[in-house]
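Since the structure comes first, as structure tokens, the remarks are kept for the end.
FYI, it's all coordinate maths here, none of it is from the lab. Computed from a predicted model, the values in this text were never measured in an experiment. As a convention, Cβ positions derive from the backbone with ideal geometry for all residues, glycine included, and neighbour counts pool all protein chains shown.
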Amino acid sequence: MRRAARAAIFALVAGCGTPGYVARLGWTELHILWRREPIAALVARPDVDPALRARLELVLAVRAFARERLGLHVDGSFGTFAAVGDDASVWVVSAARRDRLEAVTWWYPIVGRVPYRGFFARAAAERAAAALAARDLDVEVRRAVAFSTLGWFADPLLSTTAAEPPVPLADTVLHELFHATLYLPGAAAFDESAATFVGGRGAAAFFCRAEASDAAACAGARAAWAGTRARARILARLAAQLRRLYARRPPRAVRERARTWLAGTAAAALARRGLGRRADLVPPNNARLLGELLYTTDLDRFDALAPTDADLPAAVARLVAAAKRSRDPFATLAALQNPPAAVECRR
């Protein structure tokens, strides 16, 4: 199963203050802006590849669904298309303690504290990862499939994203549009997990709506969301087991044997259900695990907010409104799922 990594572009801006980094960022952004074309105009051109036209028409339909059905802030986001190459790739570096599930975090303007750094060059990302590994940390470098300006600018649809199959493409667009609708600085796990919920459930609702005619896409979107939740449960169990292990503070050799066994057991559970590969979890890597949990925390609680597709718009609206007022968004999520019982007044 593909794990989508995403990054806020502002974390890239602040990730390194050197003039060379800022110049590279500016060049990359200009590279994208120069190539932007309105999607509505592209789909009307007879020389556009039919496969690309189908993806572009899908994105237009998903944008309309996001705005009209889910109430997301769309504005100009994903209204344009930009053909890009590998020079627009983003590489995300994360790190964590080996003896506890504790991520290394960095603070940036606008986005607050987040557990990753972003780079436009893989070599730079690898150098940063090597420096972190030298501190006896678990590290991971992964490629981001999308990045967001959190609604500050009209994000274009990149050609790399448009190449995705229909269900993941719709999921990604809805995920990023949710970030433009709600983003809580310093609450990365809530932000990403809420966006995972809106992307996964939203894609299912989109492909399964009454006016849709693609039964295979509907079934695929339902299965994808069910698989995401099932994988999240296995990872959550592994995280709980590791926390208990680390709390006992065993000797290093004992700890490493134990966490390798726990990771192997979880990997076998993923493989049995067709939810992943052994290499996803073995050898154990706290940075990789925390990177997954960033996107998959409490997904069953999120899902319970909307028992049916018809309930999804109201659930999203309640979630956004409550999270904006909350100092502990996950506690707010639990309260939304289990509202306090009404008190009966008797004379």
Return the distance in nm (one decimal) between the two label points of a simple spin-label model at residue 237 and residue 136, each offset 7 Å from Cα along Cα→Cβ.
3.2 nm
Protection-proxy order for peptides 296-302, 240-246, 176-182, each taking the mean of Cβ atoms within 10 Å per residue, highest first
176-182, 296-302, 240-246
For region 6-324, whose charge dipole is built from +1 on Lys and Arg Cβ atoms and -1 on Asp and Glu Cβ atoms, the candidate among 245, 223, 305 with its Cα farthest towards the positive end is 245
Semi-axes in Å, largest first, for region 105-144 (Cα gyration tensor, √(5λ)) are 18, 14, 8
Using the crude model of +1 on Lys and Arg Cβ and -1 on Asp and Glu Cβ, and no other charge, please compute the dipole size for region 224-347 relative to its Cα centre, in debye to 20.
720 debye
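Would you mind giving the three semi-axes, in whole Å and largest first, of the ellipsoid equivalent to region 6-324 according to its Cα gyration tensor?
Semi-axis lengths for region 6-324 are 33, 25, 18 Å.
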Provide the gained length on full extension for the span residue 279 to residue 212, in nm with one decimal, where the gain is 0.36 nm per separating residue minus the Cα-Cα distance.
20.4 nm
Normalising by the residue count of region 191-330, find the relative contact order in percent from Cα pairs under 8 Å and 6+ residues apart.
29 percent
Relative contact order, percent, of region 6-324 when contacts are C-alpha pairs under 8 Å separated by at least 6 residues?
20 percent
Calculated FRET efficiency, residue 317 and residue 75, Cβ-Cβ r, R0 22 Å, to nearest 0.05?
0.80
Electrostatic dipole magnitude of region 6-324 [Cβ: Lys, Arg +1; Asp, Glu -1; Cα centre; debye, to 20]:
1620 debye
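Working from the alpha-carbon coordinates of region 237-305, get Rg over Rh, Rh being the Kirkwood radius.
Value, to two decimals: 1.01.
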Long-range amide H contacts for residue 90: which residues qualify at under 5 Å (H placed 1.01 Å from N, peptide plane, sequence gap of 5 or more or a different chain)?
144
Once phi is turned into ³J(HN,Hα) by the Karplus curve 6.51 cos²θ - 1.76 cosθ + 1.60 with θ = phi - 60°, what whole-Hz value does each residue of region 220-229 show in order, with x for glycine and proline?
x, 5, 4, 5, 4, 5, 4, x, 4, 5
Beta bridges by DSSP in region 6-324, antiparallel share as percent, to the nearest 5
80 percent
To the nearest 0.05, the calculated FRET efficiency linking residue 248 and residue 154 through their beta-carbon distance, R0 being 45 Å, is 0.30
Can you list the residues, at least 5 places off or on another chain, whose amide H is less than 5 Å from the amide H of residue 80, using H built in the peptide plane?
39, 157
Expected output is a single nm value to one decimal: the length gained when fully extending between residue 328 and residue 53, i.e. 0.36 nm times separation in residues minus the C-alpha distance. What is it?
94.7 nm
